[in-house]
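A.B. asks: So that we are looking at the same thing, I have put the structure below in structure tokens.
Any read-out appearing in this document is the output of simple, stated calculations on the displayed coordinates, not a laboratory observation. For clarity, every value in this text was computed on a predicted model and none was experimentally measured. Glycine also receives a Cβ, built like all others from the backbone with ideal geometry; neighbour counts cover every protein chain displayed.
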Amino acid sequence: MTLLYSTTEETRNKTRKIALLLCALAGASDSSAATIGTGSAPWQVNGSPAVATTTQFNYFVPFGGATWIGVNANGSVVPGIYTFTLDIGTLIGGPGVFNLSYGADNSVGWSITNGSLAGTLSCLNPGGDCFGPGATPTTVPALLSGTFSGASVLTATVINDGGTPNPMALFAAGTASAVPEPSTWILAFLPIIVILQKSRWLKLHK
């Protein structure tokens, strides 16, 4: 009796690639996808719930259902460091991926626990603010993406410059999705994989 499957690593890798390709062609997604933008997701600042704050005249206009958020509604706070956090692992469940467009007044740097980040990881002074023309990088909103686990917390550390109270805010618009393990997709598409493997075997043994 001739077996359709071998136990070689090469065959397992081919099967895995076929499953992932089928997922991509099918546009597979997970029901736990969610908006993680500021103003809609449960962001906190310095350990307390963040609130929607005034969009200053020189801020870029909010989009994607997100709002500028801060400590209070008028946005004015003393200079210093303000730590915004989103418990993305609890909110979405991991493992997963996310994408954000962001800005801040004045500067911001990003980090994540039990995950990874890519894109523009900071928008910092000197060189301008991160909310409009003259920002560093010059293109704002800046783009950030990354991966997370079920134990990940996404953190934006915002620095408010100046010598007296003045506006401070964070903006982030985007989504996050849980990504099933490859083995889950392989099981889901196993019947199709069997058909493809059988077809290939028949061609080789004509």
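A.B. asks: Based on the Cβ-Cβ distance from L143 to S76, what FRET efficiency comes out when R0 is 35 Å, to the nearest 0.05?
C.D. replies: Efficiency, from the Cβ-Cβ distance: 0.75.
A.B. asks: May I ask for the net charge around V158, where only other residues with Cβ less than 14 Å from the Cβ of V158 are counted and Lys, Arg are +1 while Asp, Glu are -1?
C.D. replies: -3
A.B. asks: Give the residue list of chymotrypsin sites (Phe, Trp or Tyr not before Pro) in region 52-94 that are DSSP loop and have at most 13 other beta-carbon atoms within 10 angstrom.
C.D. replies: Loop-located and lightly packed - F57, F63.
A.B. asks: For region 138-171 and region 52-107, write down the distance between their C-alpha centroids in whole Å.
C.D. replies: 6 Å
A.B. asks: Using the per-residue mean of other Cβ atoms lying within 10 Å as a proxy for protection, in what order, highest first, do the peptides 167-179, 110-122 fall?
C.D. replies: 167-179, 110-122
A.B. asks: Which net charge results for the neighbourhood of G132, defined as the other residues with beta-carbon distances under 15 angstrom from its beta-carbon, given Lys and Arg at +1 and Asp and Glu at -1?
C.D. replies: -3
A.B. asks: Could I have the simple spin-label model distance between T54 and L121, label points 7 Å from Cα toward Cβ, reported in nm to one decimal?
C.D. replies: For T54 paired with L121, the spin-label model returns 3.5 nm.
A.B. asks: Once you compute Rg and the Kirkwood Rh from C-alpha atoms, what is the Rg to Rh ratio for region 34-178?
C.D. replies: Rg/Rh for region 34-178 comes to 0.94.
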